[in-house]
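Presented below is the structure to which this report refers.
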Amino acid sequence: MAKKKATESVAASAAIHQPLSVVVPYDYQIPASLQRFFIKVHLRIVGIYFKKTVLVPITGTRRDVTVQDVLDAYVSENGQINQPGGLAYVTQTLSNPERLSILSFIYNFEGGVALSGINRQPGLYSLTESSLDDNQVALGWQYYVIDGQTNVNKSKTRIGEGFKYFAERPTGYNLRDGDTVIWRLVTIARVPNFPDPLSVSKHYV
């Protein structure tokens, strides 16, 4: 039994240290010998033209993978934003009780045709959330996890669970091989902000 465990340990070590690129083709199939150690996740950040397929290491016995694990896997090999394909994300902790932090993404886009079909220039692209202090309208990042088998959004927060930070372990679902994580920067109205309620009947009725 001890010999068998030692053999498995050596095999696992060899698999983990086998040279692999973090970024793989969209239709890449993980070899059977490595499926215990990695999952493949499609990662998109809308608005800065980031769209990559990432190999994410599985650690621990629970096999839980967070959204931050996916980002960190990519950044571990492509964290130099002065190089094409480089990505960085920055969080700034706030004292404002309405917000845990501000999240910014910076990406060195290689250039090419975006999903819209429009050709975009290469260079550094950045988007960030806005602080909620004294703002009627705020910008906030949201992420969605699309199941790789069913194409169903499986990351919706259940009622009563409260806000989940992207570094927290998933609740009620796990990231699996073939899933897609999509980040979008959305606009949120914090207070009633229509300037003239009386004008509604003139323009919108």
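The values are calculated or read from the model by the stated rules, or taken from the named source; none is laboratory data. Predicted, not measured: the structure shown is a model, and the values here were computed from it. Glycine also receives a Cβ, built like all others from the backbone with ideal geometry; neighbour counts cover every protein chain displayed.
Filter the range 122-133 down to residues that are at pLDDT below 95 and in a loop (DSSP other than H, G, I, E, B) and give me whichever is nearest to F50 (Cα to Cα). It comes out as E129. When the residues of the range 81-93 are filtered to those that are in a strand (DSSP E or B) and farther than 17 Å from I45 by Cα, the one that is modelled with the lowest pLDDT is T93. List pairs: first residue in the range 40-67 and closer than 22 Å to I118 by Cβ, second residue at pLDDT below 90 and not acidic (D, E) anywhere in the structure, Cβ distance under 6 angstrom, at least six positions apart or on different chains. Close Cβ pairs (under 6 Å, with a partner that is at pLDDT below 90 and not acidic (D, E)) amount to Y49/A114. Residues of the range 29-58 being of a type outside the set (G, A, S) and surrounded by fewer than 12 Cβ atoms within 10 Å (Cβ to Cβ), which ones? Across the range 29-58, the qualifying residues are Q29, P31. Within the range 68-80, residues that are in a helix (DSSP H, G or I) have Cβ atoms under 6 Å from residues that are surrounded by fewer than 21 Cβ atoms within 10 Å (Cβ to Cβ) and of a type in the set (G, A, S) in these pairs: Q68/A167; N78/G85; N78/G86, counting only partners at least 6 apart in sequence or on another chain.
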